[in-house]
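First up is the structure itself, then whatever we jot down about it.
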Amino acid sequence: MAFINYATREIQLKIVYYGCGLCGKTTNLQVIHELLGDDSKGKLTSLATNQDRTLFFDFMPLAAEAIKGFTTKFQMYTVPGQVMYNLTRRLVLKGVDGIVFVADSQWEKMEENVESFNNLAENLSLQGDSVDKTPYVLQYNKQDLPDVAPVNFLEFLLNNRGVRHPSIASSAKTGQGVLETLNLIARLVLNNFVRTQTGKSAAEQRELVLM
Amino acid sequence: MAFSLVQADVEKLDYILRELLIQSESNGCLVCDYSGYVLAQQGVEDQQDPLLISALGAGVFSASRELARLLGEEKFSAVFHQGERKSIFICAVNLDVLLVVIFTNDASVGLVKLYAGPATAAMREVLEEVRLREETVPVPEHTFVLMEEAGGVFSSKP
């Protein structure tokens, strides 16, 4: 759920990176933190185990001038991917405005990818949301590895709901596709925000203001 | 759906927080929602990022709430972490909003708890006004226009 502060002219939106364990969620945020300038980002905070497995969440605030007259602040979170941390994932999903579902493209990870996506759908429905009504992007990560499923297979497996969602092939370790994913989900979330606030699409709203 | 505050709401919350700071002899306090959004803050120093404090505070409080349920409690009303020099007190304002108070060990947690009660009650009134306004005012107060960015919302540093 977005938050608008008319006094400080700020809009706050929450984006969560979701996916099975070790799929690259934290790596995505680390790469984003390296790529962006200091004026766009805050500190990346990770609540992790000694083995660098996410225990609670990673958090990083981003800021952009994306909506005229307002500073848009994106709160970026990752969830712990391991199965036993489901309750924690539910806590982090509270109030989410957009999701990046990170899929591990390795063949042996397909079952976990599907389970994780179903888990996402279930957790969203438990808090009264729906995966079909929440803006999300599919990121097919680890495409740089030798034995990975092709994108069209991943599309068949994960992007098979009534409406096709945007997807990006990536290699978070090398940075490929990471910023593109971020920009895509940011744009989706912003469009959704404008539409739900004004009842019009961003393009219609822009035309209306120019008239 | 969005949760929105106007200037008058923020001024009321700021006033309540300023009074709380003085009465409880605390260093800083902020109000945030369970998603980690900062609604208002007073006295949180520049080196303490309010966004980060609210994200972590919301996480801590949400985790403690689930622990309470596991123990058969409806909820834990507050969370208190004591440090060597600074401590933090977090309590629920309502179902969606938290109050976070940061104080040095020169102040007393009892004093913070004493004045947090009336402060949260005052904040509940403000938030109830916000809720009623959002339910009864269908037209948004502002026209939101997305800016066209050729390279995307974010671009990498040069």
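The values are calculated or read from the model by the stated rules, or taken from the named source; none is laboratory data. Nothing here was measured: the structure is a model prediction, and the numbers come from that model. Here Cβ is always computed from backbone atoms with ideal geometry, including for glycine, and neighbour counts include all displayed protein chains.
Kindly establish whether B:SER62 is polar (S, T, N, Q), in contact with a helix residue (DSSP H, G or I) (Cβ under 6 Å, 6 or more places away or on another chain) and under 27 Å from A:GLN127 (Cα atoms). Yes; evaluated as a whole, the condition is true for this residue. When the test is whether a residue is surrounded by 17 or more Cβ atoms within 10 Å (Cβ to Cβ), among the β-branched types (Val, Ile, Thr) and out of contact with any Ser or Thr (no Cβ under 7 Å at 6 or more places or on another chain), A:THR71 does not pass it.
Just one residue in the set B:ALA92, B:ALA68, B:ALA63, B:ALA40 is under 28 Å from A:ASN192 (Cβ atoms) and either within 9 Å of chain A (Cβ to nearest Cβ) or surrounded by fewer than 20 Cβ atoms within 10 Å (Cβ to Cβ) (or both); that residue is B:ALA40.
Looking across region B:93-114, the residues that are outside any loop (DSSP other than H, G, I, E, B), touching a residue at least 24 places away in the same chain (Cβ under 8 Å) and out of contact with any Asp or Glu (no Cβ under 6 Å at 6 or more places or on another chain) come down to B:LEU98, B:LEU99, B:VAL100, B:VAL101, B:ILE102, B:PHE103, B:THR104, B:VAL109, B:LEU111, B:VAL112, B:LYS113, B:LEU114. Considered as a group, the residues in region A:114-150 that are of a type in the set (A, V, I, L, M, F, W, C) and free of Cβ contacts under 8 Å to residues at least 40 places away in the same chain include one that is nearest to A:VAL102 (Cα to Cα), and that residue is A:LEU138. Apart from one condition, A:LYS25 fits all of (1) within 14 Å of another protein chain (Cβ to nearest Cβ); (2) basic (Lys, Arg); (3) more than 18 Å from A:GLU65 (Cα to Cα); the exception is (1). All of (1) in contact with a Cys (Cβ under 8 Å, 6 or more places away or on another chain); (2) within 14 Å of another protein chain (Cβ to nearest Cβ) hold for A:ASN192 with one exception: (1). Among strands (runs of 3 or more DSSP E) entirely within region B:1-54, having at least 2 residues that are modelled with pLDDT of 90 or more and out of contact with any Phe, Trp or Tyr (no Cβ under 9 Å at 6 or more places or on another chain) singles out B:28-33, B:38-42. The set of residues in region A:180-189 that are buried (at least 21 other Cβ atoms within 10 Å of the Cβ) and facing chain B (nearest Cβ under 7 Å) comprises A:LEU182, A:ALA186.
Looking across region A:28-74 at every residue that is of a type in the set (Val, Ile, Thr) and over 15 Å from the mean Cα position of the chain (by Cα), the one that is farthest from the other protein chains (Cβ to nearest Cβ) is identified as A:THR49.
One residue stands out in region A:87-107 among those that are outside any strand (DSSP E or B) and away from chain B (no Cβ under 11 Å): the one that is nearest to A:ILE11 (Cα to Cα), namely A:ARG89. Scoring A:ASN118 on the criteria (1) within 14 Å of chain B (Cβ to nearest Cβ); (2) under 27 Å from B:ALA55 (Cα atoms) leaves a single failure, condition (1). Restricting attention to region A:96-118, the residues that are surrounded by fewer than 18 Cβ atoms within 10 Å (Cβ to Cβ) and within 20 Å of A:LYS133 (Cα to Cα) add up to 3.
In the set (1) at pLDDT below 90; (2) buried (at least 24 other Cβ atoms within 10 Å of the Cβ); (3) of a type outside the set (Val, Ile, Thr), A:LYS25 fails one condition alone, (1). Scanning region A:141-179 for residues that are within 14 Å of chain B (Cβ to nearest Cβ) and at positive phi yields A:GLY175, A:GLY177. Under the condition of being out of contact with any helix residue (DSSP H, G or I) (no Cβ under 6 Å at 6 or more places or on another chain) and more than 10 Å from chain A (Cβ to nearest Cβ), the residues counted in region B:1-25 number 7.
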